[in-house]
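The structure appears below as C-alpha cells.
The values are calculated or read from the model by the stated rules, or taken from the named source; none is laboratory data. This is a predicted model, so every value here is computed, not measured. Cβ coordinates were reconstructed from backbone atoms using ideal geometry, including for glycine residues, and neighbour counts include every protein chain displayed.
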Amino acid sequence: MMAAYGTLMRFILSVGILFQGCDSDVKCRNDAGNVVDWYILYKLPKGSGDGLSYLYMDEGTKGWKHSREKINSDTGTLANTLKPLLDYYARKTEGFGYMLYNDQPSTGNAPSSFGHSKGVVMLDRQTGVWLSHSAPKFPADGRTFWPDSANNNAQTFMCVTYSYDTFSEIGLQLKYIHAYSFDSDIPTTFHNELRCVAQRSCYPKKAPWYHVMNLTSMAGKHFLSFAKYTRFGDDLYSGLIVNHLQQNLYVKSWGKMQRPLPSNCSTAIHHSLYNVKEVQLLRKPISDTVDHSKWCVTTGGGWTCIADMNREESQKSRGGGAICTDDVEVGRAFYVMIRKHEECKHKSEVEHGEL
C-alpha cells in the first residue's frame, strides 16, 4: 500500500515538473513583471534628470507611459525581462540559450567588419525574446546589467516575444547584420542559424546583400525585419527601408557623427528622407547630440522602425538592421515627438510637405 502510494506521488510530482517546464519564462516583461508580447523603451538623457528615467509602451498602454522605475532597477522592465539570463549566470539553467551582441561591448569596440548593431537573444524550447537596443556596453555583466556609461544619452530598446521556431529566422537576419557576439551559450540542439552567429562563424556569401523578413510574435503581431550586410554598400534608411515602405521617412540617429549623411529628397529614392534633429520627451526638447537612439517613422506614423544604425558615410559599409511595426499607436507616439528636422539642401527636390 505504501509502495503504491509512493509510486503515485512520484508520478504526480514528475507530471507537475513536466507541466511546469512547459510554461516558459523567457518572455518580454513589464515593470510589474507581467508577460507582454512586445514593448518599446525610450530612456531619457541625463540632462533631463538622472539619466535613468524612461518612457514605456506596449500593446496596452496606448502610447508612452512614464515609468516609475529606473532603467537600472532590479524591479524594472529590463531586469524583469533579463531575469532568465541572470538566473542562468547564477545556476546554469537547463534548456536555455542566449547570445549578447554589441559593436561596443564592455571589453572594447568590435572590428569594423562586424555590424553596427546591439541586442540580446534569449530562448528556451518554447519561447524567446529578441531585445534590440542602442546602448553601448549593455548588458554590462552577470551581476550589474546596466552600464553607468549609458546614463548620459537617450537610448531606445525594443523587445518582442517569439516562439522557439522563429529564432531560425532571427538567426538568418543576424547573419546578414553580421552581429558581433561577445557572450553566448546556445545548446547544440538549438537552431544552427543562431549557433553560427553566436560563434561568429557565418556571414552572407552571395548577393543580394540584404534580407527583409516578416516575423510573427507569440500573440500573432507582425513585424518587418530589415537586415543589410557590409557588402550592401549603402545607407540602411535611404538605400533600403524608404524604398521598401514607399513613404517619406523621418530618421532619428546620433547627432555627433564625423561624416553625417544629409537629408535626402533626390528622385533616386522616390520618397523624401529627413534627419530628425530634435524630439520632445516629457515636454522637454531633446537634441540629437544627446540622443543616441536610432529609429525612423513614416509621415503620419504609418510605420515605425527601431534600428541599429546611424546615417553616416562610414556606416554604408557596415552591417545593421531595423525592426518595424505598422501599429498605429506606436507610429503616432513617435511621429508627434518630432520637433525639428533637417530640410533638404535643394528645396525644389522636396516632394511632400513638412510636418
Has the range 117-133 got any residue that is over 22 Å from Met57 (Cβ atoms), of a type in the set (A, V, I, L, M, F, W, C), touching a helix residue (DSSP H, G or I) at 6+ places or on another chain (Cβ under 6 Å) and not in a loop (DSSP other than H, G, I, E, B)? yes
Does Asn30 satisfy being more than 25 Å from Phe226 (Cα to Cα), at pLDDT 95 or above, of a type in the set (S, T, N, Q) and crowded, with 19+ Cβ neighbours inside 10 Å? yes
Top-ranked residue of the range 238-265 - restricted to ones that are of a type outside the set (D, E, K, R) and in a strand (DSSP E or B), ranked as farthest from Phe223 (Cα to Cα): Pro260
If Leu245 satisfies all but one of (1) within 17 Å of Arg311 (Cα to Cα); (2) touching a strand residue (DSSP E or B) at 6+ places or on another chain (Cβ under 7 Å), what's the number of the condition it fails? (1)
Odd one out for His222, checked against (1) surrounded by 15 or more Cβ atoms within 10 Å (Cβ to Cβ); (2) within 16 Å of Ala322 (Cβ to Cβ): (1)
Working only within the range 35-49, note down all residues that are crowded, with 17+ Cβ neighbours inside 10 Å and either assigned to a loop (DSSP other than H, G, I, E, B) or on the phi > 0 side of the Ramachandran plot (or both). Val36, Asp37, Leu44, Pro45
Criterion first (in contact (Cβ under 8 Å) with a residue 12 or more places away in the chain and part of a strand (DSSP E or B)) does Glu278 satisfy it? yes
Taking into account only those residues within the range 72-104 that are assigned to a helix (DSSP H, G or I) and of a type in the set (Gly, Ala, Ser), which is surrounded by the fewest Cβ atoms within 10 Å (Cβ to Cβ)? Ala90
Looking at Leu100, is it touching a strand residue (DSSP E or B) at 6+ places or on another chain (Cβ under 7 Å) and under 14 Å from Tyr180 (Cα atoms)? yes
Could you please find all residues in the range 98-143 being among the small types (Gly, Ala, Ser), touching a residue at least 40 places away in the same chain (Cβ under 8 Å) and within 29 Å of Gly233 (Cβ to Cβ)? Ala110, Ser112, Ser113, Gly115, Ser117, Gly119, Ser132, Ser134, Ala135
Of everything in the range 186-210, what is part of a loop (DSSP other than H, G, I, E, B), out of contact with any Leu (no Cβ under 9 Å at 6 or more places or on another chain) and hydrophobic (A, V, I, L, M, F, W, C)? Give them in sequence order. Cys202, Ala207, Trp209
Can you pull out the residues in the range 52-66 that are of a type in the set (Gly, Ala, Ser) and either touching a Leu at 6+ places or on another chain (Cβ under 7 Å) or free of Cβ contacts under 8 Å to residues at least 24 places away in the same chain (or both)? Ser53
Just name the residue that is farthest from Val121 (Cα to Cα) out of those in the range 154-185 that are within 16 Å of the chain's Cα centre (by Cα), of a type in the set (A, V, I, L, M, F, W, C) and outside any helix (DSSP H, G or I). Ala154
Out of (1) buried (at least 21 other Cβ atoms within 10 Å of the Cβ); (2) farther than 22 Å from Trp295 by Cα, the one Thr107 does not meet is (1)
Would you confirm, using the coordinates I've provided, whether Ser272 is in contact with a Ser or Thr (Cβ under 8 Å, 6 or more places away or on another chain) and either under 18 Å from Phe167 (Cα atoms) or at pLDDT 95 or above (or both)? yes
